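Data block below; observations after.
The values are calculated or read from the model by the stated rules, or taken from the named source; none is laboratory data. These numbers come from a predicted model, not from an experiment. Don't worry about glycine lacking a Cβ; one is built from the backbone with ideal geometry, like all the others, and counts go over all protein chains shown.
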């Protein structure tokens, strides 16, 4: 079936495509605020200031990230041209070197995908530690972004409404689903893949396996202190569980014991 | 019949796609993969993003965006354009390799173009990013140019 290519306004295109692709998508027919296309990609690249990247990239509130991933994933920008642009504009600094290091993660995931193909969707290695919580399916409150945890719900809400989630928030949500709720990483990865504009089989599945320790040497966990530090305290300030009942409000030692039944040293493979 | 068409897919949706650049006047096609998408049930946001990318990629040449079975639609498009060759940019996705094989089996010549390399790598990757980075860092941090020409500050929509 031939699709129209002559509509000029975004509103017309959205209304048209909603019908033309009926049956091929789930959820509301609303577009992301992030625009597709090379022109939008170049504007985003121009707008990205790499100065301070190493310090601010993990901060979910400060957003020191480039947000170029949707364009890189779909080949609208290549890794090589992004690297060249950033190094030529900002020079060789700890910030630009960290940025290029992050670009290299995508190159790495792609090489693993080239080698393993669809096997990336299965455990690549045995889990180094498994959470003690009973296994369960993806609960409705995750699908509805209504877990009651502001850091998780706002990250999920952003994913569902914009098609984007900050990388650090992805790590929190992936760890929460796997290690606190007992959800299989494939279900979480599938949820992300359906919504992320940069959803890529390799980057997505392999990152979920990295958090789960089936493609890394230890499970990734986080605590409330980490959320507070990398969100400027914003999430916790608005969270009803901040004064009691926050499942992340503990030391890493205690979390290792609570979640996995091992010491932090064992969790991290240090003994 | 000796013309060529360019097949664009979700891993290479740029007007600077190497297969497009190698064939500056060739007709181009992008197909929404109906069996895959019907099963995957992605959000509309993702599909619309692809549509916007595809519209821009085919602008200025004979272009077609379709929904259907990818290999069938590419074959039909090649026949309509009296082309015997399909140019496409490489992807590591297993589905891409399968579609290339099916197009070749149908009698079309398929020419696969490579993206500019970020780093050169031969053989299997290591199991950890840290070992990969140690081996590629020097090359990864060596620019091969100055990057694309960026729009002026006032160029906003």
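Which members of region A:94-120 meet the condition of being surrounded by fewer than 17 Cβ atoms within 10 Å (Cβ to Cβ), more than 7 Å from chain B (Cβ to nearest Cβ) and either under 23 Å from residue A:188 (Cα atoms) or touching a strand residue (DSSP E or B) at 6+ places or on another chain (Cβ under 8 Å) (or both)?
Across region A:94-120, the qualifying residues are A:102, A:119.
Have a look at B:4, B:57, B:28 and point out the one that is buried (at least 24 other Cβ atoms within 10 Å of the Cβ), closer than 17 Å to residue B:79 by Cα and more than 7 Å from every other protein chain (Cβ to nearest Cβ).
Just one listed residue meets the conditions, B:28.
Kindly provide the set of residues from region B:117-157 that are in contact with a helix residue (DSSP H, G or I) (Cβ under 6 Å, 6 or more places away or on another chain) and more than 8 Å from chain A (Cβ to nearest Cβ), ordered by number.
Within region B:117-157, B:126 is the sole residue that qualifies.
Any idea how many residues of region B:87-111 are in contact (Cβ under 8 Å) with a residue 24 or more places away in the chain, more than 18 Å from residue A:113 (Cβ to Cβ) and not in a strand (DSSP E or B)?
Residues in region B:87-111 being in contact (Cβ under 8 Å) with a residue 24 or more places away in the chain, more than 18 Å from residue A:113 (Cβ to Cβ) and not in a strand (DSSP E or B): 4 in total.
Taking the condition surrounded by fewer than 21 Cβ atoms within 10 Å (Cβ to Cβ), more than 10 Å from every other protein chain (Cβ to nearest Cβ), over 19 Å from the mean Cα position of the chain (by Cα) and under 23 Å from residue A:172 (Cα atoms), does residue A:91 pass? Before you say what the answer is, go through the steps one by one.
Working: surrounded by fewer than 21 Cβ atoms within 10 Å (Cβ to Cβ): yes; more than 10 Å from every other protein chain (Cβ to nearest Cβ): yes; over 19 Å from the mean Cα position of the chain (by Cα): yes; under 23 Å from residue A:172 (Cα atoms): no.
Taking the combined requirement at face value, the residue does not satisfy it.
Being closer than 22 Å to residue A:249 by Cβ and in a loop (DSSP other than H, G, I, E, B) is the filter here, so list the residues in region A:144-184 that pass it.
The answer is A:145, A:146, A:147, A:148, A:149, A:166, A:181, A:182.
Kindly provide the set of residues from region B:102-116 that are within 14 Å of chain A (Cβ to nearest Cβ) and within 20 Å of residue B:35 (Cα to Cα), ordered by number.
Correct list: empty.
For region A:57-76, check the following and say yes or no: at least one residue is at pLDDT below 95, assigned to a helix (DSSP H, G or I) and more than 12 Å from every other protein chain (Cβ to nearest Cβ).
no
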